[in-house]
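This report refers to the structure that appears directly beneath it.
The values are calculated or read from the model by the stated rules, or taken from the named source; none is laboratory data. Only a predicted model underlies this, so the values are computations on that prediction, with no experimental measurement involved. Note: ideal-geometry Cβ built from the backbone for every residue, glycine included; neighbour counts use all protein chains shown. Note: areas computed on protein heavy atoms with side chains; ligands, DNA, RNA excluded. Shrake-Rupley method; radii C 1.70, N 1.55, O 1.52, S 1.80 Å.
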Amino acid sequence: MARPSLNDLAAFAAVASHQSFRRAADIMGVSRSALSHAIIGLETKLDVRLFNRTTRSVSLTQAGARLLARLDPVLQELDQALDTLSEERGTPSGTLRINANKSGARILLAEVVPRFLDLYPDVELDLVSEGRLVDIVEQGFDAGIRLRETVPKDMVAVKFGGDVRFIAVVAPSYLDGKAIPYTPDDLYAHCCVRQRLPSGKRYRWEFSKRGAEVAIDVPGNLTLDDNDLLVQAAADGRGIAYVPEYFAQPFLGSGQLVTVLDDWCPPTPGLALYYPRSRHVPFPLRAFIDLLREVDRTR
């Protein structure tokens, strides 16, 4: 039997882990057809079928599952060995993949990423910004960035950036001739710019004051799914929006927006970088975390 190459085995492990040729191909940076050809070649060399394929799904055969169980720890050990060589050189190298929400990506790009890339030019940073909370292990990421309260319990979390405050903002022109809202219930008399979550559900605005918590499905005739668009719509006089303070600051500074319901909008726990507790932490990620902590201490 011809011995398969390391690239063939890595391709198999990627498809098996993600149960998708498309997703594995994207992560490996190859075409789907090239990856499919590699897997067919591997099955031919081993003279065994490793995957059950349909037009909609990919799953391991019994033989494929047995191979993955033996192969996965070997590939992880190989990654650790190569990582050790980077440490001996004293300079991280390779690819670091981080999945972040938009506010987290903005903070990283403004305060951390430029310094990191200057310090470690041999690292390729792949920063993916999206609203939905993904399984970073399944999707092939080294780490994720999300609000601390949404970080899975089995992950190691590194806090940064301080607390986050959601605020209700509105254009002064919109309030002309209208009653200023002083309680969340007052919002029912106003037009609000509503938000659609990545899950498809509409976000219920959450307020709290002296232990009282309120969640409201606010009224409004416009729903958006992006904080920048929400802020812009509010600045254009479309109604009241509820967004992280970070996104609204430029408009507040220029006077295009003002805040309402301030005493119902306390700070909440902010962002965290998180990564799997049970896996080896690659050298590039450790270097990124060290710099993230250093920048956070000096903010």
Inset, instruction - For D263, work out the one condition from (1) of a type outside the set (S, T, N, Q); (2) surrounded by fewer than 21 Cβ atoms within 10 Å (Cβ to Cβ); (3) assigned to a loop (DSSP other than H, G, I, E, B) it doesn't fulfil. - result: (3)
Inset, instruction - Return yes when K178 is touching a residue at least 12 places away in the same chain (Cβ under 8 Å), within 28 Å of A215 (Cβ to Cβ), open to solvent by 40 Å² or more (accessible area, probe 1.4 Å) and basic (K, R) and no when it is not. - result: yes
Legend entry - Unmet criterion (only one of (1) touching a Pro at 6+ places or on another chain (Cβ under 7 Å); (2) of a type in the set (A, V, I, L, M, F, W, C); (3) closer than 30 Å to A287 by Cβ) for L187: (3)
Inset, instruction - With the condition kept exactly as written, say whether any residue in region 194-210 is in a helix (DSSP H, G or I), of a type outside the set (S, T, Y) and open to solvent by 20 Å² or more (accessible area, probe 1.4 Å). - result: no
Inset, instruction - Have a look at L230, L222 and point out the one that is over 15 Å from L261 (Cβ atoms) and surrounded by fewer than 17 Cβ atoms within 10 Å (Cβ to Cβ). - result: L222
Legend entry - Hey, V15 among the aliphatic types (A, V, I, L, M), closer than 24 Å to D142 by Cα, open to solvent by 30 Å² or more (accessible area, probe 1.4 Å) and within 24 Å of the chain's Cα centre (by Cα) or not: no
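Residue-by-condition table, conditions (1) under 30 Å from T95 (Cα atoms); (2) modelled with pLDDT of 95 or more; (3) in a loop (DSSP other than H, G, I, E, B):
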| residue | (1), (2), (3) |
| --- | --- |
| E213 | no, no, no |
| V218 | no, yes, yes |
| T223 | no, yes, no |
| D228 | yes, no, no |
| A241 | no, yes, no |
| Q249 | no, no, no |
| R279 | yes, no, yes |
| D290 | yes, no, no |
| R293 | yes, no, no |
Inset, instruction - Tell me, yes or no, whether region 267-281 has at least one residue that is more than 30 Å from D142 (Cα to Cα), open to solvent by less than 50 Å² (accessible area, probe 1.4 Å) and small (G, A, S). - result: no
Inset, instruction - Report the residue count in region 145-175 for those that are among the small types (G, A, S), open to solvent by less than 20 Å² (accessible area, probe 1.4 Å) and not in a loop (DSSP other than H, G, I, E, B). - result: 1
Legend entry - Search result, residues across region 25-42 that are free of Cβ contacts under 8 Å to residues at least 12 places away in the same chain and either open to solvent by less than 40 Å² (accessible area, probe 1.4 Å) or touching a strand residue (DSSP E or B) at 6+ places or on another chain (Cβ under 6 Å) (or both): A25
Legend entry - Residue among R3, R106, R89, R22 that alone is among the basic types (K, R), at pLDDT 85 or above and open to solvent by 30 Å² or more (accessible area, probe 1.4 Å): R106
Inset, instruction - For region 118-144, enumerate the residues that are open to solvent by less than 60 Å² (accessible area, probe 1.4 Å), over 25 Å from Q19 (Cβ atoms) and assigned to a strand (DSSP E or B). - result: V123, L125
Inset, instruction - Within region 60-81, identify whether any single residue is exposed (fewer than 12 other Cβ atoms within 10 Å of the Cβ), modelled with pLDDT under 80 and of a type outside the set (A, V, I, L, M), and answer yes or no. - result: yes
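Within the group Y188, Y174, Y203, which residue is over 19 Å from L257 (Cα atoms) and modelled with pLDDT of 95 or more?
Exactly one of Y188, Y174, Y203 is over 19 Å from L257 (Cα atoms) and modelled with pLDDT of 95 or more, namely Y188.
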Inset, instruction - Can you tell me which residue within region 43-58, out of those that are open to solvent by 50 Å² or more (accessible area, probe 1.4 Å) and either of a type in the set (D, E) or under 13 Å from F21 (Cα atoms) (or both), is farthest from the chain's Cα centre (by Cα)? - result: D47
